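Have a look at the structure below before the remarks.
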């Protein structure tokens with residue numbers, strides 16, 4: 001595949017609901033331009049775009065893939081994105097590499113949740129878009145009805161090419177001269193029409209509707225003609241904004257004569273070639289052998305093998321102009337979201353914004369001793385998909401996999417098995433309960449041991465009371481009852497005990513300990529004896545000071561359409577949650593602020609998606625600890641005691 005100039009390149013994301021026909025449209029475009037001689041089918045696992053073994057098995061896209069189509073001396077870099085909501089990170093990555101998006105709509109299904117999400121994503125990333133009604137060859141399809149639905153849902157900017165009156169009205173809005181001409185009843189020239197429509201699409205004010213049947217091949221070339229004629233070229237991408245080495249803002253235009261810079265929007269872990277970085281070249285040119293600087297890793301990379309990808313096939317590239325997309329093999333220090341640039345003209349573009357995980361699963365190795373293998377595998381997979389997280393909870397000592405939903409986490413587990421020959425199994429997620437006291441106590445801790453030769457003797461009197469700090473220690477000894485050099489051992493003994501409380505073996509917080517008296521032995525006293533005495537006092541003192549269990553309370557912000565408010569609020573009440581308030585957002589969305597115990601929220605991502613037909617989403621962060629209701633605390637304490645006894 002030859003290189004192209006910036007003004008002959010179009011970078012277009014294909015977005016929409018799962019199963020709306022994105023992958024099949026690409027097959028039809030490749031067939032129409034002679035790249036393939038028969039139409040591949042998703043269900044047969046023989047499409048150019050869905051080439052990954054797992055995509056073939058599952059029958060749907062998991063990863064973003066690049067499929068360039070050469071047509072009428074123009075290269076259209078199509079980026080096929082997954083339709084399932086779990087893979088929103090892939091869509092966000094793709095949006096950073098394109099000048100426009102085609103939102104595919106299954107004409108037999110009409111507007112689906114994925115259609116709405118695709119529209120909102122285009123708005124979020126300020127990406128021009130048009131609609132493509134696919135599967136128009138299906139029985140009982142009423143395209144007129146779907147067109148009306150689109151207009152009603154997304155506004156007056158949605159127009160069809162055969163509705164000349166609406167189209168001319170939308171074009172007239174793009175400039176004062178055209179508006180004046182429109183109101184005076186003068187027809188637009190062909191050039192005015194083309195320029196006006198181009199500018200309207202570029203600004204996002206116009207979203208035309210096209211139609212095609214990938215199976216019959218009808219309308220495919222008309223779609224590509226419209227892409228070439230009306231959407232922004234790579235050279236017309238709005239100015240890129242980055243920062244220099246001092247954090248000052250720099251504006252960089254898509255210009256092959258400017259200093260080299262590019263942005264890594266995706267990483268592929270290829271079993272044969274190793275790591276492949278997909279780079280949108282923003283300015284200058286990229287060539288094999290060229291030295292390029294990564295400001296994030298503060299390393300120079302040497303560009304090795306460079307090629308244009310079309311699904312899994314590769315076409316060598318000797319030089320890549322600004323605006324094009326290229327795959328670079330084996331970059332050592334570069335990850336998704338990194339900038340590559342000329343060292344003498346440094347720039348760093350903003351990283352990709354990935355959504356926070358909404359679902360966490362606790363996992364452990366299926367085979368004991370596989371921990372390192374699993375860690376290596378998951379970190380490699382995270383390079384490919386930075387939208388999932390791997391966390392280690394220091395209190396529960398569990399490994400947590402975080403993602404957007406069950407499908408994404410299931411895919412990660414499957415890839416771990418396939419690519420790294422190791423497996424994890426899901427286990428019950430533990431909660432980092434804590435223990436504290438509500439009352440006060442005054443206790444003695446005495447450790448006395450005689451057994452031929454040197455004995456051990458330590459005696460302390462300590463008062464325990466609630467504190468706003470995690471742990472407070474104070475020494476109020478008088479008259480040399482305990483030598484000062486043993487006080488640090490007492491404090492150390494107490495602090496060590498806070499790691500495992502007497503109720504359920506959980507961390508103890510919010511306690512003040514005052515050492516005010518004690519006794520010692522000239523020969524048998526030592527630091528260890530006083531440390532043990534302190535631990536005896538702690539265990540006794542906490543039990544006598546009205547101990548209780550605390551649970552983590554999370555602050556939750558839920559974004560949900562008005563229609564589902566009743567269900568969402570009712571469900572939150574069932575989860576021992578409290579609604580704190582609501583704020584209306586744009587587009588008929590409400591932001592609900594709530595608090596609920598973490599124990600009640602492990603499955604919230606799944607429930608909210610089901611309750612709102614995937615239209616709702618939420619963010620969650622730790623807020624504070626609160627006393628656990630007594631009947632639930634009793635269950636936790638009983639379970640801990642049973643485990644302790646079983647251990648003995």
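Throughout, read-outs are computed from the coordinates displayed, never taken from laboratory work. Please read all numbers here as calculations on a predicted model, not as lab measurements. Positions of Cβ are backbone-derived with ideal geometry, glycine not excepted, and every protein chain shown enters the neighbour counts.
Where the Cα atoms of the range 6-236 are projected onto their three principal axes, how long is each span, largest first, in whole Å?
59, 39, 33
Classify the range 68-138: rounded, prolate or oblate, from the alpha-carbon gyration tensor (a ≥ b ≥ c, eigenvalue square roots; a/c under 1.5 rounded; otherwise prolate if a/b is larger than b/c)? Present the calculation step by step, with values, prior to reporting the outcome.
Values: a/c = 1.81, a/b = 1.10, b/c = 1.65.
It is oblate, given that a/c is not under 1.5 and a/b is not larger than b/c.
Distance between the C-alpha centers of the range 368-383 and the range 588-624? Whole Å please.
Result: 30 Å between the Cα centres.
Under Stokes-Einstein, with the Kirkwood radius over Cα pairs standing in for Rh, what whole-number D in µm²/s applies to the chain at 10 °C and 1.306 mPa s? Intermediate values should be presented prior to the final figure.
Values: Rh = 28.9 Å.
For these conditions, the coefficient is 55 µm²/s.
Roughly how many whole Å is it from the C-alpha centroid of the range 63-105 to that of the range 27-47?
Centre-to-centre (Cα) distance: 17 Å.
Measure nothing fancy, just the Cα-based angle from helix 630-647's long axis to the longest principal axis of the chain, in degrees from 0 to 90, nearest 10.
So the helix axis and the longest Cα principal axis differ by about 70 degrees.
With the cut-off at 1.5 for a/c, could you classify the range 452-563 from its C-alpha gyration tensor as rounded, prolate or oblate? Mind dumping the intermediate values first?
Values: a/c = 3.55, a/b = 2.78, b/c = 1.28.
Taking the square roots of the gyration eigenvalues as a ≥ b ≥ c, the range 452-563 is prolate.
Give me the mean projected area, in nm² to one decimal, of the convex hull enclosing the Cα positions of the range 169-241. The partial results should precede the final answer.
On the way: hull surface 25.7 nm².
Mean projected area of the Cα convex hull: 6.4 nm².
If you take every DSSP beta bridge whose two residues both sit in the chain, what share of them, in percent to the nearest 5, is antiparallel?
On the way: 102 of 132 bridges.
DSSP beta bridges in the chain are roughly 75 percent antiparallel.
Could you work out the helix-only [θ] at 222 nm for the chain, with each DSSP H run of four or more residues adding -39,500 (n - 2.57) and the total divided by the number of residues, to the nearest 500 deg cm²/dmol?
Values: 16 runs with 185 residues, N = 648.
Here the helix-only value at 222 nm equals -9000 deg cm²/dmol.
By the gyration tensor of its Cα atoms, with a ≥ b ≥ c the square roots of the eigenvalues, what is the shape of the range 343-452: rounded for a/c under 1.5, prolate for a/b over b/c, or oblate? The partial results should precede the final answer.
Numbers: a/c = 2.33, a/b = 1.84, b/c = 1.27.
Note, shape of the range 343-452 comes out prolate.
Quick check: Cα centre of the range 506-550 to Cα centre of the range 124-144, how many Å?
The two parts, judged by their Cα centres, are 71 Å apart.
Relative to the longest principal axis of the chain, what angle (0 to 90°, nearest 10) does the C-alpha long axis of helix 527-544 take?
That works out to roughly 80 degrees.
Between residue 555 and residue 420, what is the label-point separation in nm under the 7 Å Cα-to-beta-carbon projection?
Here the modelled spin labels are 3.4 nm apart.
So how long is each side of the range 405-444 along the principal axes, counting just the alpha-carbon atoms, biggest first, in Å?
60, 24, 11
Output the 0 to 90 degree angle, nearest 10, between the alpha-carbon long axis of helix 220-230 and the longest principal axis computed from the alpha carbons of the chain.
Helix 220-230 sits at roughly 80 degrees to that axis.
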